[in-house]
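The values are calculated or read from the model by the stated rules, or taken from the named source; none is laboratory data. None of these values were measured; they are calculated from a predicted model. Cβ coordinates were reconstructed from backbone atoms using ideal geometry, including for glycine residues, and neighbour counts include every protein chain displayed.
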Amino acid sequence: MMKDLPLWDGTPYPDFVRTLPEIDIPVEGVRGWLLQGANQQVVFFDLPEGLAIPEHSHGEQWGMVIAGKIDLTIGGETKTYGPGDYYHIPAGTPHAALFLERSAAMDYFADVDRYVPKK
């Protein structure tokens, strides 16, 4: 495990979250810390302003915005989410996101292998 990670402006995550394994994600500016369960995952994301995630689908997902503002399109319907707002994406439902501000979100994935730790 990593220790003594430096804080950066705007992080809502305490040290014990930021010492979880980071996810391996090939998207510039995105960081995520993985809490791995036997049958599911939780990822604590730090996402840059202006990031657009194209439409895609996977297993069921539930999430909550901790900080920032996100336009999230789920099944063709777009809504803006801010701190404290939560969302549910049923399995196989196309969805996309645009991060209007630097954002932090916690996402629970029903897929046990949606993300893998960095090596």
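For a quick check of your reading: which strands (runs of 3 or more DSSP E) sit entirely within region 75-119 and have at least 3 residues that are under 23 Å from E28 (Cβ atoms) and not acidic (D, E)?
Correct list: 95-99, 103-109.
Can you pull out every residue in region 60-116 that is in contact with a strand residue (DSSP E or B) (Cβ under 6 Å, 6 or more places away or on another chain), exposed (fewer than 14 other Cβ atoms within 10 Å of the Cβ) and in contact (Cβ under 8 Å) with a residue 24 or more places away in the chain?
The answer is Y86, H88, P94.
Out of region 12-59, which residues are over 17 Å from A97 (Cβ atoms), in a loop (DSSP other than H, G, I, E, B) and free of Cβ contacts under 8 Å to residues at least 60 places away in the same chain?
P14, T19, L20
Out of Q40, Q36, which single residue is modelled with pLDDT of 95 or more, touching a strand residue (DSSP E or B) at 6+ places or on another chain (Cβ under 7 Å) and within 17 Å of V112 (Cβ to Cβ)?
The unique qualifying residue is Q40.
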